[in-house]
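One structure below.
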Amino acid sequence: MPSDTTTGAAAPTTAPVRVAGPAARRLGADDVVLTDGLLGRWQRRNTDATLPHVIDEVRASGVLDNLRRVAYSTGEPFRGRYPFSDTDAYKTLEAAAYELARHQGADSGSTASVRAFYEEALALVTAAQADDGYLSSYHQGADASVPPWSDLAGGHELYNLGHLVQAALAAARRLGDHRLLAVARRFADLVVDRFGPAGRAEYCGHPQIEAALAELYRETGHEPYLRQAELFVERRGSGLFDAAPFGPAYYADHAPLRDLETVTGHAVRMVYLAAGATDVAIERGDQARIDHLTRLWDDMVRTKSYVTGGIGSRHSDEAFGDRYELPPERAYAETCAAVGTMQWGWRLFLATGSAAVLDHVERVLYNGFAAGVSLDGTRFFYDNPLQRRPDHLDGRPADPAEPLRRRWFGCACCPPNVARWISGLQDHVALETPDGLTIALPTACRVRSAALSVDIATDYPWDGRVRVRVLDASTAPATLTLRVPGWATTPQVTVDGTPVDAAVRDGWLQLTRAWRPGQEVVLDLPMHPRLVVSHPTVDATRGAVAAVRGPVVHCLEQADSPAPVDDVVVHTVGAAAPAGEHALDPLLGHALTAHVSRRPAPSDDPYPDADRPDPDRTDPPTPSTTTQVALVPYHLWANREPGAMRVWLGHT
């Protein structure tokens, strides 16, 4: 795939991130329509369940009331614990813009509800904005206890602006509605005046504004926005938050980004900062910066990412741990961190053309991110552990009605982030290149581009067959480029039923010819179940295995195991169960079959002498000691009764 590291005006697109320069154009919602695949089903669930639920909870939590108290001086106190709750409204507005555009002309109840929220929230945001452009309901009003700009570490005014900008761009690009963009630009202009080259050399405690300002520049061509994004990236690490709670690493402020050898500190903040820095580097043509960010990404993937793609191994400070510090039961792996990883990864792909980067984005998408929302779309995980012990709830206060995922959180960053990301999934599927079309993430969809328009039929990631039918070919010859994941070691491809001996180079399969409507390319990716091990330095999972098929990580839930999951030893893993065998259980419909035995009961002595026989040693299995269990996709766990769960299992 052609790399894109040039600068210049981008071609028009409705995608939330535009590719800088003429080499490629990211195809957005006007050009990519998800159909009957997993991503399309997620998007329909988002429309029917997740977004309406998020809207209800945003209303109930007082987010709109906080804006109302400022807009109309209601005299009501600020509701909520956190000063950045406005961002919940902005993320929800972004999702609403996508959904309203997708269903223009529809008169369903859910669409009407989304439209009502959109108009109400937009009106309140507009009315709450101060004369100088400032907007943060926590810091506004006669009774505000914390003045504007007095707490950059925790006040998050700039973080809020970042999500406001992204919502405004979605509304402008998808709905042709520039009302919110006018609000966002007034606030952004105030920020440029206050923090620009001649202003205060400060920045926000939570990165996010950097990527938003870069994208606002792409939309408007107003260079001060890009310069401000660059300033915020370059200033971080100057010690502004040395005395702030949790220490400077929490704010990605312990060292300049250019000097980092590994990602560290608060995981969400770090990947958001890296995403914004990647945007700035693309626009400035800063290859040294892109190379450094690529090294940081590679180090994160190799040494600080779980097998699910989750990041953040410490509940304390929601932070990255040390290299290879990846305990499964203590994985924080925040859902927002998964979104941030995908945001950064997509931008890095746009900058480098790396298929390997997309391999990891896909790992995050189908595992670390997808686990954050329930099968019905109305329950969420904030953190995403890879192991749940049988006594997990002992000694912890818990709502009996919510023993697993929860409807909402006091700090509600994750649910609206899920809604907005799923609403824009189609924007991460394809790129238009000058001579053809690149499919970055295979899924069932229709794609339209200048050179080549196609229909893709696939049940990926459950099935490895990707069928691409040409709908229109305007350029002859044209190149169809398909990503081949690194785990697919023996892919096969046919054109109109004839095998093609096409080489895969750096993860890309390119087919160039004079295409005709009706021609069909079939790419078969072998999806053999496999057992993977972790790096030997990951002490917590040494000697254990995880079951993976394609990009999907699996786990064992207690509901499917006759023995306690902590006692299970895996011997082999087999093909998925037939789709119709468990028609009533969507979890088991895509399960792997594992042959397992139960490890012998250990000694009562928790620390026996090393020279004694190993009580955990398991002899080779016999037919009488092995049994079959179902391993379900990790992202589907916790949709049944509460119980123990493990991704990493004992192995012989």
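The values are calculated or read from the model by the stated rules, or taken from the named source; none is laboratory data. Everything numeric in this text was worked out from a predicted model, so none of it was measured. We place every Cβ from the backbone using ideal geometry, glycine too, and count neighbours over all the protein chains shown.
Quick rundown of the values:
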{"item": "Cβ pairs under 9 Å, 6+ apart, first in the stretch 133-159 and closer than 17 Å to Asp253 by Cα, second surrounded by fewer than 17 Cβ atoms within 10 Å (Cβ to Cβ) and among the hydroxyl-bearing types (Ser, Thr, Tyr)", "result": "Gly154/Tyr82; His156/Tyr82"}
{"item": "Residue within the stretch 175-185 that is touching a residue at least 24 places away in the same chain (Cβ under 8 Å) and touching a Phe, Trp or Tyr at 6+ places or on another chain (Cβ under 7 Å) present", "result": "no"}
{"item": "Any helices (runs of 4 or more DSSP H) falling wholly within the stretch 22-91 and containing at least 3 residues that are among the charged types (D, E, K, R) and surrounded by 20 or more Cβ atoms within 10 Å (Cβ to Cβ)", "result": "none"}
{"item": "Matching residues, the stretch 308-318, being surrounded by fewer than 24 Cβ atoms within 10 Å (Cβ to Cβ) and touching a residue at least 40 places away in the same chain (Cβ under 8 Å)", "result": "His315, Asp317, Glu318"}
{"item": "Complete set of residues in the stretch 219-233 that are part of a helix (DSSP H, G or I) and touching a Leu at 6+ places or on another chain (Cβ under 8 Å)", "result": "Glu219, Tyr225, Leu226, Gln228, Ala229, Phe232, Val233"}
{"item": "Condition met for Asn367 (in a helix (DSSP H, G or I) and farther than 27 Å from Ala281 by Cα)", "result": "yes"}
{"item": "Selected residue (only one of Val466, Val500 is in contact (Cβ under 8 Å) with a residue 40 or more places away in the chain and touching a strand residue (DSSP E or B) at 6+ places or on another chain (Cβ under 9 Å))", "result": "Val466"}
{"item": "Residue in the stretch 323-333 that is more than 26 Å from Ala440 (Cα to Cα), surrounded by 22 or more Cβ atoms within 10 Å (Cβ to Cβ) and free of Cβ contacts under 8 Å to residues at least 60 places away in the same chain present", "result": "yes"}
{"item": "Only one of Gly410, Gly464, Gly436 that is modelled with pLDDT under 95 and buried (at least 18 other Cβ atoms within 10 Å of the Cβ)", "result": "Gly436"}
{"item": "Residue pairs meeting the criteria (Cβ under 8 Å; at least 6 apart or on separate chains; first within 16 Å of Leu431 (Cα to Cα), in the stretch 337-358; second assigned to a helix (DSSP H, G or I) and charged (D, E, K, R))", "result": "Arg347/Asp279"}
{"item": "Selection from the stretch 240-271 of residues that are basic (Lys, Arg) and farther than 17 Å from Gln343 by Cβ", "result": "Arg258"}
{"item": "Members of the stretch 602-622 found to be modelled with pLDDT of 75 or more and not charged (D, E, K, R), listed by number", "result": "Pro606, Tyr607, Pro608, Ala610"}
{"item": "Residue within the stretch 450-467 that is part of a loop (DSSP other than H, G, I, E, B), hydrophobic (A, V, I, L, M, F, W, C) and under 27 Å from Ala171 (Cα atoms) present", "result": "yes"}
{"item": "Of all residues in the stretch 126-176 being on the phi > 0 side of the Ramachandran plot and of a type outside the set (Gly, Ala, Ser), the one that is surrounded by the most Cβ atoms within 10 Å (Cβ to Cβ)", "result": "His156"}
{"item": "Boolean, Val573 is surrounded by 14 or more Cβ atoms within 10 Å (Cβ to Cβ) and within 28 Å of the chain's Cα centre (by Cα)", "result": "no"}
{"item": "Filter result (surrounded by fewer than 19 Cβ atoms within 10 Å (Cβ to Cβ) and either in contact with a strand residue (DSSP E or B) (Cβ under 9 Å, 6 or more places away or on another chain) or assigned to a helix (DSSP H, G or I) (or both)) within the stretch 278-291", "result": "Arg284, Gln287, Ala288, Asp291"}
{"item": "Ala275 vs. criteria of a type in the set (A, V, I, L, M), without any contact (Cβ under 8 Å) to a residue 40 or more places away in the chain, over 24 Å from Thr541 (Cα atoms) and outside any loop (DSSP other than H, G, I, E, B)", "result": "no"}
{"item": "Selection within the stretch 219-261 - more than 26 Å from the chain's Cα centre (by Cα), buried (at least 16 other Cβ atoms within 10 Å of the Cβ) and touching a residue at least 40 places away in the same chain (Cβ under 8 Å)", "result": "Leu240, Phe241, Ala244"}
{"item": "Selected residue (only one of Val500, Val570, Val552, Val533 is under 21 Å from Leu358 (Cα atoms) and either in contact with a Gly (Cβ under 6 Å, 6 or more places away or on another chain) or not hydroxyl-bearing (Ser, Thr, Tyr) (or both))", "result": "Val552"}
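Residues are listed down the side, and each one gets a yes or a no for (1) among the small types (Gly, Ala, Ser); (2) more than 26 Å from Phe369 (Cα to Cα); (3) surrounded by 20 or more Cβ atoms within 10 Å (Cβ to Cβ); (4) touching a strand residue (DSSP E or B) at 6+ places or on another chain (Cβ under 8 Å):
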| position | (1), (2), (3), (4) |
| --- | --- |
| Arg530 | no, no, no, yes |
| Ala546 | yes, no, yes, yes |
| His554 | no, no, yes, yes |
| Ala563 | yes, yes, no, yes |
| Val568 | no, yes, yes, yes |
